[in-house]
Amino acid sequence: MSRLSCIGLVMLGILLSDRALVLADRQQAKPSTAAQGDAERGRAVFNGRGICYYCHGVDGYRDKMPQLAADTAALIAQLNPSPTDLRNSKAQHLKTDKQRTRAIREGHPGTGMFPDQTMTDPELVDTLAYLALLRREGS
């Protein structure tokens, strides 16, 4: 084998190794349904930057809506179907964290829920933990 061929094989090995590390990092970053999140941090996302509370109510209480601009509140009031009561597991159509993750990331077709691409993976895992807490409190 020529020296040039050896160098080529070494370079190919390095490239494949780097690619495998990148793919492994991506797999670790994806939220898993078994991942344990921090519900208190999830609460801060839900009631803050995640703006979930705009439609689902502060802490998931549908009767505790935040103060919103009049036009925003009017649009939310017109949603049909209305946003799900996150404290009532029987009223929820999304039964798994995988389904919830998809709805958060991609939106929920047939509803007013739009995609959230700004929430980080750790924030998403924390939010899922908080949603689980809401379901337990509501039952």
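The values are calculated or read from the model by the stated rules, or taken from the named source; none is laboratory data. Quick caveat, the model's predicted, so the values are computed rather than measured. Here the Cβ positions follow ideal geometry from the backbone for every residue, glycine too, while neighbour counts run over all protein chains shown.
Numbers below:
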read-out: Whichever residue in the stretch 41-78 is more than 23 Å from Gly138 (Cα to Cα) and in a loop (DSSP other than H, G, I, E, B) and, among such residues, is modelled with the lowest pLDDT; value: Arg49
read-out: Selection status of Arg100, charged (D, E, K, R) and loosely packed, with under 14 Cβ neighbours inside 10 Å; value: no
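Residue by residue, here is whether (1) of a type in the set (A, V, I, L, M, F, W, C); (2) not in a helix (DSSP H, G or I) holds:
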{"site": "Pro83", "(1), (2)": "no, yes"}
{"site": "Leu94", "(1), (2)": "yes, yes"}
{"site": "Arg100", "(1), (2)": "no, no"}
{"site": "Ala103", "(1), (2)": "yes, no"}
{"site": "Pro109", "(1), (2)": "no, yes"}
{"site": "Phe114", "(1), (2)": "yes, yes"}
{"site": "Met119", "(1), (2)": "yes, yes"}
{"site": "Val125", "(1), (2)": "yes, no"}
{"site": "Leu131", "(1), (2)": "yes, no"}
